[in-house]
Amino acid sequence: MAKKRILNKKSLDFLENYLNNAAPTGYEWDGQKLWMDYLKPYVDEFITDTYGTAVGVINPKADYKVVIEGHADEISWYVNYISDNGLIYVIRNGGSDHQIAPSKVVDIHTKKGIVKGVFGWPAIHTRSRAKEEPPKPDNIFIDCGCTSKKEVEKLGVHVGCVITYPDTFHILNKDKFVCRALDNRMGGFMIAEVARLLKENKKKLPFGLYITNSVQEEIGLRGAQMITETIQPNVAIVTDVTHDTTTPMINKKKEGHLELGKGPVVAYAPAVQQKLRDLITDTAEEKNIPFQRSALSRATGTDTDAFAYSNGGVASALISLPLRYMHTTVEMVHRDDVENVIRMIYETLLKIKSGETFSYFE
């Protein structure tokens, strides 16, 4: 018999609204307000910090603290230079992919509101077939319909304005969620759904639960670095995205074999505390939650690293959501994997005991 669906209409409406809102690194606050508004019925209080990380807390007076975490920011661009003839050149804010930029519509965020533009590109007829130049960070440019620098500046555009793509949420073939910024707005969404399930199922936890939506992951895990010092947790379960490796031009011998629809991905890495990871996988097996495994060399490249190596060491684990086309505007995940990440975190939380040290020496 098929498992009952976790995501309901309210959940999906929130997800669509949350994804469609722009939240570039360093400018996450509007998205955080949407997230906190959705989470409010399911938590006791909120913590926020100077840079915009938001935390919903259940049982805030408890001494033992468990974090479940995703990150709120999306990749973007900055205006870096405006030419005399009104063309805009950019630098990255996070790992934005220059190869997908040509012909994309963009939103330039100014104090006067959104200014529309396009990443222009020379027509195929005008390019040299013998030596065709690919898109590169130093040759892509934005055209907002102006003919001079003064005209661009009159619109409110200046060096330092942040630029995002306006691509919005849609569903392919009934169960594939597609949008920009699934990396890692899905993480914030999934941990919020865990909080909803705990409330709706009237589950009482013997510890404080800190549902954490960190900022600035895309430029070096900075939000997680800050908030872990504020919370000082005992345990952290982090969720992010990872690569589906079944599409063309990906080397499985290097990246491993991971696939949409086959379940959450549990990470094996030095930053992942093994006893906590074993609790997660044992729980998944007990509850018949499908999962995949991934080995990560040295660092995970996610907020797991920031939590694990903070405060003298925090028992941390990483559960990833398989995703296709990372850092493009058509990132894709499978609804079943989303629901199974939620189940995996939810069921694991019910197994954690207050005071558990996860020590190898007990």
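The values are calculated or read from the model by the stated rules, or taken from the named source; none is laboratory data. In this text the structure is predicted, and so the values were computed from the model without any measurement. Cβ atoms come from the backbone with ideal geometry, glycine included; neighbour counts cover every protein chain shown. Remember, those area values only see protein heavy atoms, side chains included, never the ligands or the DNA or RNA. Shrake-Rupley method; radii C 1.70, N 1.55, O 1.52, S 1.80 Å.
List of remarks:
- Under Karplus coefficients 6.51, -1.76 and 1.60, residue-wise ³J(HN,Hα) of the range 125-139 in Hz, glycine/proline x: 5, 9, 8, 6, 6, 6, 9, 6, 8, x, x, 9, x, 8, 10
- Computed helical MRE - 222 nm, the chain, DSSP H runs ≥ 4 contributing -39500 (n - 2.57), nearest 500: -8000 deg cm²/dmol
- A protection proxy built from the mean count of other Cβ atoms within 10 Å ranks the segments 244-251, 263-270, 56-63, 277-284, most packed first, as 263-270, 277-284, 56-63, 244-251.
- The charge dipole of the chain, taken about its Cα centre with unit charges on the Cβ atoms of Lys, Arg (+1), Asp and Glu (-1) only, comes to about 640 debye.
- For the range 126-156 and the range 33-88, distance of Cα centres in Å: 32
- Cα gyration tensor shape of the range 100-252, rounded if a/c is under 1.5, else prolate or oblate by comparing a/b with b/c: prolate
- A Förster radius of 30 Å, combined with the Cβ-Cβ distance separating Asp37 from Lys112, puts the computed FRET efficiency at roughly 0.70.
- Overall form of the range 257-362 per C-alpha gyration tensor (a/c, 1.5; a/b vs b/c): oblate
- Each peptide among 337-348, 80-91, 16-27 gets the average number of other Cβ atoms lying within 10 Å of its residues, and from highest to lowest they stand as 337-348, 16-27, 80-91.
- Once the Cα atoms are used to define both axes, helix 222-231 deviates from the longest principal axis of the chain by about 30 degrees.
- Apportionment of accessible area to carbon and sulfur, the range 180-265, percent (1.4 Å): 47
- Residues in the chain average 47 Å² of solvent-accessible surface per residue, probe 1.4 Å, ligands and nucleic acids excluded.
- Furthest towards positive pole of dipole, Ser294, Val235, Thr357, structure part the range 200-357, Cβ charges: Thr357
- When each of the peptides 316-327, 221-232 is scored by how many other beta carbons lie within 10 Å of its residues on average, the order from highest to lowest is 316-327, 221-232.
- Where the Cα pairs of the range 190-237 fall when distances are cut into 5 Å bins, in %: 5, 17, 23, 22, 17, 10, 5, 1
- Beta bridges per DSSP with both ends in the chain, % antiparallel, nearest 5: 60
- Hull shadow area, averaged, the chain [alpha-carbon convex hull, nm²]: 20.4
- Dividing the mean sequence gap of close Cα pairs (under 8 Å, 6+ apart) by how many residues the range 229-320 holds gives a relative contact order of 44 percent.
- Carbon-plus-sulfur accessible fraction, the range 1-131 (probe radius 1.4 Å, protein heavy atoms only): 53%.
- Along the axis of the charge dipole computed for the range 92-161 (Cβ charges of +1 for Lys and Arg, -1 for Asp and Glu, origin at the Cα centre), the listed residues Ile124, Asn93, His109 are led at the positive end by His109.
- Test item: Cα-centred dipole of the range 114-204, Lys/Arg +1 and Asp/Glu -1 on Cβ, debye: 460
- Anisotropy class of the range 1-160 from Cα gyration tensor, a/c 1.5 cut: prolate
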